[in-house]
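To start, the structure itself, in structure tokens.
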Amino acid sequence: MFRLGYNTNGLSFHRIGDAIDLLADLGYEGIAITPDVGPLDPFELDRRTVADVRQRLDDAGLEVAIETGARYVLDPRRKHRPTLLESASHERDRRVDFLRRSIDLAVDLDARVVSLWSGAVPEGESGTLDDAADHPLAERLAEGLTRVLEHARGANVRVGFEPEPGMFVERPRGFRALLERMGSDGRDLGLTLDVGHCVVTGDEPVSAVVEGFAERLVHVHLDDCPRGRHVHLPFGEGDLDLRDALHGLITCGFDGMAAVELSRDGHRAPEAARDALETLRGALGE
């Protein structure tokens with residue numbers, strides 16, 4: 001059975017230690033940490049802080065995953081930039097360096113999975129890998145991912161790739177096209193599936209998507225979304241069939257972490273986390 005976690009991008013006003021304690025007290029089994037500016041900034045890590053976080057995680061008994069969606073950790077003026085799609089190689093190198101640092105942090109915190117995405121198409125470019133498998137940007141993405149995967153293999157960490165609405169790879173079929181493009185270089189590239197994103201892009205029922213990618217599925221994000229709009233909402237406020245999504249995960253035997261991602265609800269994080277867990281337990285029949 002998969003373990004229920006919560007993403008720290010929805011705990012943005014909490015110290016990491018307080019976030020760990022809160023989730024453990026509520027009954028969560030995992031935490032998906034987004035390294036960002038602050039105590040776990042991958043470029044300014046203090047080894048004592050990392051060791052302390054590792055000890056608190058062990059004491060709380062929480063499984064850990066690492067997310068890499070920090071908004072301005074690489075560039076204070078451009079959200080989520082640079083990406084693996086940039087025209088300038090030194091900018092792509094900076095993203096690769098960040099992802100490698102995130103993998104190293106995963107090792108330090110005993111996390112099994114690091115989750116990432118493609119990023120949006122740069123200025124002057126257009127299209128998505130979902131629509132054109134031979135898109136010229138695919139080569140840049142595949143080259144960067146190959147380097148990241150090599151580092152992850154040496155660290156014994158799995159990489160989960162997340163299709164993200166509005167990005168170069170925004171749908172599950174884009175992930176499949178990426179796998180075909182990478183060939184053997186992407187043999188161990190896993191899938192991070194956000195069930196709300198499937199609603200946004202019309203990839204429903206979610207259980208069918210889960211079944212189709214069961215062998216690649218390494219990490220899951222749980223949230224509700226309205227059809228056609230990329231807005232993470234609490235369960236019941238969008239169009240997600242939560243029972244269908246959870247049934248798909250159970251049926252396929254997914255045994256990783258399914259982490260609630262409510263990045264817009266940090267201002268009411270304790271209530272949001274509590275309500276989400278109660279809803280999930282109810283849907284699971286616990």
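The slack in the chain from residue 15 to residue 126, taken as 0.36 nm per residue of separation less the alpha-carbon distance, amounts to 36.0 nm. Spacing of the modelled spin labels on residue 284 and residue 255, each 7 Å from Cα toward Cβ, amounts to 1.6 nm.
Charge tally for residue 238 (other residues, Cβ to Cβ under 11 Å; Lys, Arg +1; Asp, Glu -1): -3. Database remark: amide H of residue 259 closer than 5 angstrom to the amide H of 5, 220, 221, 222 (H placed geometrically; neighbours at sequence offset of 5 or more, or on other chains; Pro and chain starts carry no H).
Couplings 3J(HN,Hα) of the range 148-163, computed from phi: 5, 5, 4, 5, 5, 4, x, 9, 6, 10, 8, 9, x, 9, 9, x Hz, in residue order, whole Hz [Karplus 6.51 cos²θ - 1.76 cosθ + 1.60, θ = phi - 60°; x for Gly and Pro]. Amide hydrogen proximity for residue 67: with H placed 1.01 Å from N in the peptide plane, the residues at 5 or more positions away or on another chain lying under 5 Å are 33, 34, 115. Here, the chain has an Rg and a Dmax of 17.7, 51 Å when only alpha carbons are counted. Stretched out straight at 0.36 nm per residue, the stretch from residue 150 to residue 26 would grow longer than its current Cα-Cα span by 40.9 nm. Taking a point 7 Å from the Cα of residue 107 along the Cα-to-Cβ direction, the residues of the range 151-171 with backbone N closer than 19 Å to it are 151-160.
Taking label positions 7 Å along the Cα-Cβ direction at both residue 229 and residue 72, the computed distance is 2.6 nm, reported to one decimal.
Along the axis of the charge dipole computed for the range 3-284 (Cβ charges of +1 for Lys and Arg, -1 for Asp and Glu, origin at the Cα centre), the listed residues 240, 198, 43 are led at the positive end by 43. Restricting the trypsin sites (Lys or Arg not before Pro) of the range 33-100 to loop positions (DSSP other than H, G, I, E, B) with no more than 13 neighbouring Cβ atoms within 10 Å leaves 77, 78, 79. Charge dipole (Cα centre; +1 on Lys/Arg Cβ, -1 on Asp/Glu Cβ; no other charges) of the range 3-284 amounts to roughly 440 debye.
Dipole orientation for the chain: of the candidates 27, 152, 263, 152 has the Cα lying most toward the positive pole (charges on Cβ; Lys, Arg +1; Asp, Glu -1).
Rounded to the nearest whole angstrom, the semi-axes of the ellipsoid equivalent to the range 168-226, taken from the Cα gyration tensor as √(5λ), stand at 21, 12, 10, largest first. Between the amide H of residue 239 and those of 225, 227, distances stay under 5 Å, these residues lying 5 or more places away or on another chain, with hydrogens modeled in the peptide plane.
Sequence-ordered 3J(HN,Hα) estimates for the range 234-249 from the Karplus curve with 6.51, -1.76 and 1.60 and θ = phi - 60° stand at x, 4, x, 9, x, 10, 6, 8, 4, 4, 4, 4, 5, 4, x, 5 Hz, glycine and proline given as x.
Sequence-ordered 3J(HN,Hα) estimates for the range 63-78 from the Karplus curve with 6.51, -1.76 and 1.60 and θ = phi - 60° stand at 6, 10, 10, 10, 9, 10, x, 4, 7, 10, 5, 9, 8, x, 10, 10 Hz, glycine and proline given as x.
Extending 7 Å from Cα along the Cβ direction at residue 237 and again at residue 46 yields two label points whose distance is 3.5 nm.
Computed from the coordinates by the stated procedures, all read-outs in this text should not be read as laboratory data. Source: prediction; values computed, not measured. As a convention, Cβ positions derive from the backbone with ideal geometry for all residues, glycine included, and neighbour counts pool all protein chains shown.
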